[in-house]
1. Out of (1) at pLDDT 90 or above; (2) out of contact with any Phe, Trp or Tyr (no Cβ under 8 Å at 6 or more places or on another chain), the odd one out for residue 105 is which?
2. Just to verify a result, which residue in the range 143-158, among those that are assigned to a loop (DSSP other than H, G, I, E, B) and surrounded by 12 or more Cβ atoms within 10 Å (Cβ to Cβ), is farthest from the chain's Cα centre (by Cα)?
3. Taking the range 60-106 as the search range and keeping residues that are assigned to a strand (DSSP E or B) and more than 12 Å from the ligand (Cβ to nearest atom), which one is surrounded by the most Cβ atoms within 10 Å (Cβ to Cβ)?
4. Examine the range 21-29 for a residue that is over 22 Å from residue 147 (Cα atoms), without any contact (Cβ under 8 Å) to a residue 40 or more places away in the chain and either among the acidic types (Asp, Glu) or surrounded by fewer than 16 Cβ atoms within 10 Å (Cβ to Cβ) (or both), and state whether such a residue exists.
5. Within 14 Å of the ligand (Cβ to nearest atom) and at pLDDT below 95 - does that describe any residue in the range 31-39?
6. Starting from residues that are among the polar types (S, T, N, Q) and without any contact (Cβ under 8 Å) to a residue 40 or more places away in the chain, keep the ones in the range 118-137 and report whichever is nearest to the ligand (Cβ to nearest atom).
7. Scan the range 120-138 and tell me whether some residue there is within 18 Å of the chain's Cα centre (by Cα) and surrounded by fewer than 18 Cβ atoms within 10 Å (Cβ to Cβ).
8. Could you run through the range 40-59 and say how many residues are within 12 Å of the ligand (Cβ to nearest atom) and surrounded by fewer than 12 Cβ atoms within 10 Å (Cβ to Cβ)?
Amino acid sequence: MNTLIIYASKTGTTEKCASQINRQLENSKMVNILNQHEDIDKYDLIIIGTPIRMGMIDKKIKKFLISNIETLKSKKVAYFICCGFSENWKNYYKQNIPKDLLDNAIIYDTFGGEIDMKNQKGLDKFIVKMVSKNIDKNKEIKILKENIERFAKRLNEQ
Ligand SMILES: Cc1cc2nc3c(=O)[nH]c(=O)nc-3n(C[C@H](O)[C@H](O)[C@H](O)COP(=O)(O)O)c2cc1C
């Protein structure tokens, strides 16, 4: 299946996850929404990946979803989010992605995330410092490899 992976990534985790999905699919192409444009009509399957910051998906991804809502409703679409607090993942979808799109999705899931202080800049660094005081130190924030594999498997069955 001709597949397009559209993603946003501020500190590289979502890009890393997009690459892992890309490697597990045949005939797929990755596009960073920040600096690349691609006509989605040419593709049978669209995968959309975004990080979560302050409970929200990336602004450019949000804009892309709204501007292409009718096309996306008519296609096979799968979504993944990268987030530090994966226990909230279903709420992030509910709060950010129109219900019509979620109802039409083949799959939507969380791939976990990473928060590395040395990758943070400006306000993000400040926020992470503040928030990290309240983070449960026993809870590891990491990429959920098994979720990526399950996601790729489901798409390969299409
Ligand atoms: C400023 C800031 C705010 C964040 N807010 C949230 C949040 O609200 N919920 C959450 O689960 N993770 C949050 N995270 C964690 C990110 O989702 C995680 O670092 C993710 O892996 C970033 O992906 P990226 O490297 O592709 O940008 C936040 C991270 C930063 C730096």
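1. With respect to (1) at pLDDT 90 or above; (2) out of contact with any Phe, Trp or Tyr (no Cβ under 8 Å at 6 or more places or on another chain), residue 105 is out only on (2).
2. Restricting attention to the range 143-158, the residues satisfying the condition of being assigned to a loop (DSSP other than H, G, I, E, B) are 144, 157-158.
With surrounded by 12 or more Cβ atoms within 10 Å (Cβ to Cβ) added as a condition, the list becomes 144, 158.
Working: 144: 13, 158: 20 Å.
Once the filter is applied, the top-ranked residue is 158.
3. My answer is 79.
4. Quick first cut of the range 21-29, residues over 22 Å from residue 147 (Cα atoms) only: none.
Checked against the condition, which is being over 22 Å from residue 147 (Cα atoms), without any contact (Cβ under 8 Å) to a residue 40 or more places away in the chain and either among the acidic types (Asp, Glu) or surrounded by fewer than 16 Cβ atoms within 10 Å (Cβ to Cβ) (or both), the range 21-29 yields no hits at all.
5. no
6. That would be 132.
7. First pass over the range 120-138, keeping only residues within 18 Å of the chain's Cα centre (by Cα): none.
No, the range 120-138 contains no residue that is within 18 Å of the chain's Cα centre (by Cα) and surrounded by fewer than 18 Cβ atoms within 10 Å (Cβ to Cβ).
8. Final tally of qualifying residues: 1.
The values are calculated or read from the model by the stated rules, or taken from the named source; none is laboratory data. Here the structure is a predicted model, which is why all the values come from computation and not from measurement. Ideal geometry is used to build each Cβ from the backbone, glycine not excepted, and the neighbour counts take in all protein chains shown.
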